[in-house]
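Heads up, the thing below is written out as structure tokens.
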Amino acid sequence: MTASSSKHSQAHENAPAGLLDGGRYGLARTYWTLYAIGAAIFFGLGSMLVAQRNWGPYIVLLIATIVYSFVLLIGVQRFYRGSDPGKALARIAMLFLLLNLTNMLLTFSFI
């Protein structure tokens, strides 16, 4: 078994790591896609919960979104291979924060 086929078989064994390691799609495209999926789910569910004034589940959804963002940031930190990972992580974290706040404010428009 060659090194490339061994690496390929390991990627099949650990699919999430294979997705985030920057292989096929690249790290930036992967985490932005995963973030957009999470943000769309939050917007859809959050808007319905706010429209029904169902605040308990909305707060739980908000906390889940924050945890999801941290999980994405941990994945970026683990698989980033650039020269200054702290700088890149800080920029991505600030963008996630601003986009999460904007998304939260947008869901409040359904009151």
Self-check item: Condition check for Y58: under 18 Å from N100 (Cβ atoms) and either surrounded by fewer than 11 Cβ atoms within 10 Å (Cβ to Cβ) or in contact with a Gly (Cβ under 9 Å, 6 or more places away or on another chain) (or both)
Solution: yes
Exercise. Run down A28, A39 and say which single residue is in contact (Cβ under 8 Å) with a residue 12 or more places away in the chain and of a type in the set (G, A, S).
Key: A39
Quiz item: How many residues are of a type outside the set (A, V, I, L, M, F, W, C) and either under 15 Å from L27 (Cα atoms) or modelled with pLDDT of 95 or more (or both) if we restrict to the range 85-95?
Solution: 2
Self-check item: Total residues in the range 67-109, condition within 17 Å of I41 (Cα to Cα) and surrounded by 14 or more Cβ atoms within 10 Å (Cβ to Cβ)
Solution: 10
Quiz item: Does the range 42-51 contain at least one residue that is at pLDDT 90 or above, surrounded by 14 or more Cβ atoms within 10 Å (Cβ to Cβ), within 30 Å of P85 (Cβ to Cβ) and in contact with a Phe, Trp or Tyr (Cβ under 9 Å, 6 or more places away or on another chain)?
Solution: yes
Quiz item: Taking the range 18-40, which residues are hydrophobic (A, V, I, L, M, F, W, C) and modelled with pLDDT of 60 or more?
Solution: L27, A28, W32, L34, A36, I37, A39, A40
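The values are calculated or read from the model by the stated rules, or taken from the named source; none is laboratory data. What you see is a predicted model, and the numbers here were worked out from it, not measured in a lab. Reconstructed Cβ throughout: ideal geometry from the backbone, glycine too, with neighbour counts over all protein chains shown.
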